[in-house]
Structure formats: C-alpha cells, structure tokens
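J.: Structure incoming, see below.
The values are calculated or read from the model by the stated rules, or taken from the named source; none is laboratory data. Keep in mind it's a predicted model, so treat the numbers as computed, not measured. Cβ coordinates were reconstructed from backbone atoms using ideal geometry, including for glycine residues, and neighbour counts include every protein chain displayed. These accessible areas exclude ligands, DNA and RNA; they are computed on the full protein's heavy atoms, side chains included. Shrake-Rupley method; radii C 1.70, N 1.55, O 1.52, S 1.80 Å.
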Amino acid sequence: MNPKTALARAIKRLDGTFGRGQTITFAVAVFLALCVTAAMLIYAHLETPNTITIASGPKGSSFERNALKYQKILAREGVKLKILPSGGSMDNYRMLLNPKVAVDIGFVLGGEVSDAVADSTSLVSLGSMSYQPLMVFYRGKPKSLLSDFKGLRLDIGQEGSGSHALSLALLKVNGIEPGGDTRLLTSVKGDLVRALLENRVDAIFVTGDSTSVDMMRELMHAEEVRMFNFTQADAYTRRINYLSKLELPKGSLDFGKNMPSEDLSLVAPTVEIIARDGLHPALMDALLEAAREVHGTGGLFKKRGEFPNAQEHEFRISPDAIRYYTSGKSFLYRSFPFAVASLITRALAVIVPLLLLLIPAFKVVPAIYRWRMESRIHRWYRALLDLERDAFASEVNDQKRIDLLRHLDHIEHTVSKIVVPAAFGDLFYGLRGHICFVRNILQAHQAQVTQQQVPAPE
C-alpha cells in the first residue's frame with residue numbers, strides 16, 4: 001500500500017473517531033512530546049560530573065596521604081580527584097570560601113570557623129572523618145597543666161596548620177598569648193624532632209596530621225622527652241565544644257618497654273570534609289564511599305566503624321550526606337556504574353517533573369475538550385428557542401413566517417457542517433432532531449393559519 005494512502009486513511013479514521021479538532025490537538029501534543037523527549041535526551045547526554053578538586057594539606061601530611069587514597073578509590077568508579085596542596089586546615093577553609101579558587105572540598109579541623117570572619121553558610125559538611133589529637137612533647141620535669149609552659153619556647157606549627165590554630169586556642173585559655181614572655185614559634189629550621197632533642201625548643205605542639213607512630217616512638221624513647229598528659233581533658237571538652245577526649249592506652253606504642261607507662265589523656269578536634277554547597281549528590285555518595293573505605297578501619301585513636309559519621313559541629317551537615325549515612329548509596333549508584341547511574345539520574349530529573357505536570361493535564365484536557373464540543377452544539381438551542389418563540393408571537397405575518405423558516409434552514413445547513421467525534425454523535429443527532437421538530441411545528445402552525453384564512457364555502 002502507498003504510504004501516503006495509508007497515512008490519509010489513518011488521519012481520516014482519526015477524524016471519524018475523535019473529530020478534526022482533537023486530531024490536530026493530538027498531533028500537536030505528539031510533536032511537543034517529541035521535542036521534550038529530544039531535549040531530555042540532549043540534557044541526559046551532557047557530560048556527567050565526574051571530577052572533584054580537593055584541598056589536601058602540606059606535602060607528606062596525613063591530609064595528603066588520605067587524599068591520595070581517595071584518588072585511587074574514586075578512580076575505580078570513573079571519578080577523577082584533583083589534589084590541590086595547601087598549607088593545612090585553615091588554608092583549606094580559606095580556599096573553600098574564596099570563589100576564585102577552583103576547589104570543591106577540603107579537609108578542615110573543627111574549631112577553624114571560630115577564628116574566621118567570613119560567612120561560611122555557603123559551605124556544608126560531609127561528616128567527620130577522623131580525630132586529630134593534639135600531642136605536646138616537651139623536655140624537662142613532668143608538667144600537669146598547660147600553664148606550666150609559660151615563659152618557654154614553644155613550637156606550635158606553621159600558620160594555617162591545624163596544630164597552630166588549636167595550640168593558640170588552648171594556650172589562650174591558660175593565659176598564654178602571643179606578645180607575652182612565652183616565645184610562640186611558628187617554624188623551626190631543620191627537623192622538628194631534632195630541634196627538640198637539641199634543645200632549640202622546649203616543647204613542640206603537633207597533631208596527628210603531622211605525627212607518625214614512628215615519630216611518637218622516637219620521641220618517647222628519647223631521654224628527658226615526655227608526652228604531655230591532658231589531665232584536664234574533660235574540662236577542655238566541656239568548654240571547647242569541638243574537642244573530644246581521647247586516651248592513649250598504657251603500652252600502646254611499645255608493649256615491650258611499656259610506652260607510655262601510663263594511660264595518657266589527649267584532646268582532639270575532628271577532621272571534617274567540607275564542601276561548597278551544590279556539590280553533586282552522586283559525587284558526594286562516591287566520596288563518602290571512599291571515606292568509609294579509608295577511615296572505617298580501626299586505629300590508635302579510633303574504633304573500627306567509628307568514622308565517617310554525621311556528627312555536626314560548626315558546619316551544617318549536607319542533607320545528601322545525612323541521606324547517605326541513613327540509607328547508604330542510592331539504589332541507582334548501588335546497582336549501576338557511576339556513569340550509567342548518573343545518566344539515569346539526569347533523565348529521571350527531567351521525566352519525573354514532566355510527568356507531574358502531564359498527569360493533571362491528562363485529566364483536565366478531556367474535560368475541557370468535552371465542554372468545547374458540547375458548547376458547539378448547545379449554543380444552537382438558544383437560536384431554536386428564540387426562533388420558536390418568535391413563531392408563536394401574535395403579530396407574526398406570512399412574510400415573517402417565511403423568514404423564520406429560512407432562518408431555520410440556515411441553522412440546519414450550518415449545523416450539518418459541524419464535524420464532531422463519534423462519541424458526541426448522540427448530541428449532534430439530537431440537535432438535528434430538535435431542528436426537525438421545530439420545523440414541523442412551524443409548518444403545522446403555518447398550515448393552521450392558512451386554513452383559518454381560507455373562506456368557508458357558501
């Protein structure tokens with residue numbers, strides 16, 4: 001069969017079933033649906049967000065080591081992690097606040113915001129990843145209070161580092177501030193351990209970010225070097241709400257030599273991954289999966305499965321991160337590769353709102369269409385009622401009746417040209433039947449009047 005003939009028959013059948021108006025409406029709807037589908041497919045095939053930039057930390061720090069672990073894990077999912085070195089936690093925070101710096105996430109220690117003046121509402125937390133204990137190694141006699149370090153030479157780390165900011169906060173509540181008789185050094189030439197052992201400084205303040213277990217063992221084995229025991233740890237955690245109390249168990253560094261020789265209390269903020277608000281939920285899920293693999297194991301200062309967690313401090317937890325901690329990765333990202341799941345997610349982002357709009361429309365459009373078709377028929381009943389009323393007026397003459405019949409002919413001719421779907425055939429034929437009914441009344445009335453006008457035979 002000729003394709004043109006088949007198309008013509010199909011259109012004719014649609015006209016017969018739905019009416020020409022609805023056929024046109026249907027054709028327009030199909031055309032719009034095709035346009036929306038094409039736009040949806042173009043949107044869905046746009047490049048999937050698969051790149052994250054992280055502000056890590058100084059070279060050789062735990063921040064950098066963890067970022068490298070993230071990079072390998074995310075690469076398995078097809079996500080590229082760019083690592084941007086920094087001066088430390090505070091530097092990461094400032095980079096995240098600066099819109100000119102191309103960075104998405106960064107490691108930030110709890111307590112950094114308290115020293116910042118910028119508005120951080122544009123940032124969200126993906127949760128706490130680990131503890132970052134502050135450890136103080138010093139020479140000389142045992143000390144029980146941080147205030148005992150007053151007047152000594154203290155290396156508190158470089159500006160921008162987590163140890164620097166935390167050390168300043170703890171020393172401040174003990175009455176030790178920059179500008180006093182205590183020398184607060186921000187850098188020491190050469191190796192930090194050598195500086196302490198060679199008596200160039202009296203104490204060093206370091207965090208887990210820059211302290212390995214081997215370094216801790218070396219310092220603990222050195223003569224006259226001690227690790228400070230935060231005997232007031234409970235009080236510090238009550239007064240400084242972003243701190244947690246940790247315990248370094250007796251013998252945990254060296255069982256044979258029983259180091260430390262007693263349980264030591266430490267204080268520690270938590271390390272959080274801070275992100276700019278608007279980070280793609282899919283990237284967030286992939287990142288938290290990597291964080292669980294990196295930080296979920298047990299360690300010297302944490303239990304297995306303790307991290308990551310959704311503990312909230314200065315930054316609000318992202319709703320997507322809360323969803324992840326509550327129910328894990330979304331179904332799509334559990335079931336499909338990252339790229340495929342992201343494609344499906346983008347497609348659903350278009351389809352679902354479209355359906356929410358179309359479903360009510362599908363309910364309203366038929367009602368509007370029925371009202372439109374009924375109004376095309378019912379409006380002629382007013383003309384019939386007016387015509388019938390005029391026909392029985394007392395002053396109607398022969399010419400007026402002829403005009404009324406002509407008007408009725410016009411109505412019937414116009415109505416016969418109306419194209420309606422088969423579903424409205426009862427209304428259409430009902431109207432035509434009522435036109436015939438009015439015509440019969442008019443003709444009968446005219447015949448009666450004519451008969452009355454004929455003179456009776458003598």
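J.: Given (1) at pLDDT 80 or above; (2) within 18 Å of A444 (Cα to Cα), identify the lone condition not met by I377.
T.: (2)
J.: In addition: Report, ordered by the first and then the second residue, all pairs with beta carbons closer than 8 Å, sequence separation of six or more or different chains, a first member in the stretch 288-299 that is under 16 Å from L74 (Cβ atoms), and a second member that is of a type in the set (D, E) and surrounded by 14 or more Cβ atoms within 10 Å (Cβ to Cβ).
T.: What qualifies is E289/E77.
J.: State all residues of the stretch 307-338 that are in a loop (DSSP other than H, G, I, E, B), open to solvent by less than 50 Å² (accessible area, probe 1.4 Å) and modelled with pLDDT of 80 or more; if no residue qualifies, say none. It would help to see each step written out before you state the result.
T.: Looking only at the stretch 307-338, we keep the residues that are in a loop (DSSP other than H, G, I, E, B), and these are 307-308, 310-316, 318, 328-330, 336-337.
Checking which are open to solvent by less than 50 Å² (accessible area, probe 1.4 Å) leaves us with 307-308, 310, 313, 315, 318, 328-330.
Result: F307, P308, A310, H313, F315, S318.
J.: Restricting attention to the stretch 241-256, which residues are open to solvent by 10 Å² or more (accessible area, probe 1.4 Å) and small (G, A, S)?
T.: Within the stretch 241-256, S244, S252, G256 qualify.
J.: Then there is this: May I ask you to say which residue of T450, T414 is in a helix (DSSP H, G or I), modelled with pLDDT of 80 or more and open to solvent by less than 80 Å² (accessible area, probe 1.4 Å)? Talk me through it step by step, then tell me what you get.
T.: Working: T450 fails: modelled with pLDDT of 80 or more.
Unique residue meeting the criteria: T414.
J.: Next question. If you check every pair at least six apart or on different chains, which have Cβ atoms under 7 Å apart with a residue in the stretch 424-439 that is open to solvent by less than 90 Å² (accessible area, probe 1.4 Å) first and a residue that is not in a helix (DSSP H, G or I) second?
T.: Here the result reads F428/I418; F428/V420, each pair linking the stretch 424-439 to a residue that is not in a helix (DSSP H, G or I).
J.: Return a yes/no flag: does the stretch 85-95 have any residue that is under 18 Å from L283 (Cα atoms) and either in a helix (DSSP H, G or I) or open to solvent by 60 Å² or more (accessible area, probe 1.4 Å) (or both).
T.: First, pick out the residues of the stretch 85-95 that are under 18 Å from L283 (Cα atoms): none.
No, because not a single residue in the stretch 85-95 is under 18 Å from L283 (Cα atoms) and either in a helix (DSSP H, G or I) or open to solvent by 60 Å² or more (accessible area, probe 1.4 Å) (or both).
Residues checked against (1) over 43 Å from the mean Cα position of the chain (by Cα); (2) open to solvent by 10 Å² or more (accessible area, probe 1.4 Å); (3) modelled with pLDDT under 90:
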| position | (1), (2), (3) |
| --- | --- |
| A116 | no, yes, yes |
| T121 | no, yes, yes |
| L126 | no, no, no |
| M129 | no, no, no |
| V136 | no, no, no |
| K143 | yes, yes, no |
| D148 | yes, yes, no |
| G157 | no, yes, yes |
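J.: If E112 meets every condition in (1) on the phi < 0 side of the Ramachandran plot; (2) at pLDDT 90 or above apart from one, which number is that one?
T.: It fails just one condition, (2).
J.: Here are some residues: P353, P421. Which one is modelled with pLDDT under 80 and either exposed (fewer than 15 other Cβ atoms within 10 Å of the Cβ) or basic (K, R) (or both)? Break it down into steps so the answer makes sense when it comes.
T.: Details: P421 fails: either exposed (fewer than 15 other Cβ atoms within 10 Å of the Cβ) or basic (K, R) (or both).
Being modelled with pLDDT under 80 and either exposed (fewer than 15 other Cβ atoms within 10 Å of the Cβ) or basic (K, R) (or both) holds for just one of P353, P421, which is P353.
J.: Output the number of the condition that R304 fails; it satisfies all remaining conditions of (1) part of a loop (DSSP other than H, G, I, E, B); (2) in contact (Cβ under 8 Å) with a residue 24 or more places away in the chain; (3) charged (D, E, K, R).
T.: (2) is the only condition that R304 fails.
J.: Follow-up. Would you confirm whether any residue within the stretch 229-239 is over 44 Å from the mean Cα position of the chain (by Cα), aliphatic (A, V, I, L, M) and surrounded by fewer than 19 Cβ atoms within 10 Å (Cβ to Cβ)?
T.: no
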